[in-house]
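This report refers to the structure that appears directly beneath it.
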Amino acid sequence: MRIEYDYDTCIGMFQCVAEWDAFERDEDAGKAVLADSEEREADVFVRDVPDDAELDAKFAARTCPVDAITVYDDDGEQLIP
């Protein structure tokens, strides 16, 4: 499973931070940051989700009010949103 995070879309509600510790608050920017991710394209960050964090990653994506977080399964199929 992998997660994709669109930094530009983020509005800084930080609900994802409460759901999964891979998301951190960047108070200066007013946006969340996805730790241990790589920037795949401008302001789009991607990382693999560890097996023990799949539920947390899904909750983080579901709580994002602007759908800045997308979760894909191992086959690349979009699960959330």
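The values are calculated or read from the model by the stated rules, or taken from the named source; none is laboratory data. The structure presented is a predicted model; accordingly, all values stated were derived computationally and were not measured. Positions of Cβ are backbone-derived with ideal geometry, glycine not excepted, and every protein chain shown enters the neighbour counts. Ligands, DNA and RNA are stripped out before the accessible areas are found, and what is left, the full protein with its side chains, is counted by its heavy atoms. Shrake-Rupley method; radii C 1.70, N 1.55, O 1.52, S 1.80 Å.
Restricting the calculation to Cα atoms, the stretch 19-81 shows an Rg/Rh of 0.93 when the hydrodynamic-style radius is the Kirkwood one.
Using a probe of 1.4 angstrom and keeping all protein chains present, the accessible surface of the chain works out to 59 square angstrom per residue. For the stretch 29-45, 3J(HN,Hα) computed residue by residue from phi via the Karplus equation (6.51, -1.76, 1.60; θ = phi - 60°) reads 8, x, 9, 7, 10, 8, 5, 6, 10, 10, 7, 7, 8, 3, 6, 10, 10 Hz, glycine and proline entered as x. Remark on Lys31: its backbone amide H falls under 5 Å from those of Asp26, a criterion applied only to residues 5 or more positions apart or on other chains, H modelled at 1.01 Å from N.
What part of the accessible area of the stretch 16-81, given as a whole %, is carbon or sulfur when the probe is 1.4 angstrom? Carbon and sulfur: 39 percent of the exposed surface of the stretch 16-81.
Here the spin labels are modelled as points 7 Å beyond Cα on the Cα-Cβ line, and at Glu38 and Ala53 they lie 1.6 nm apart.
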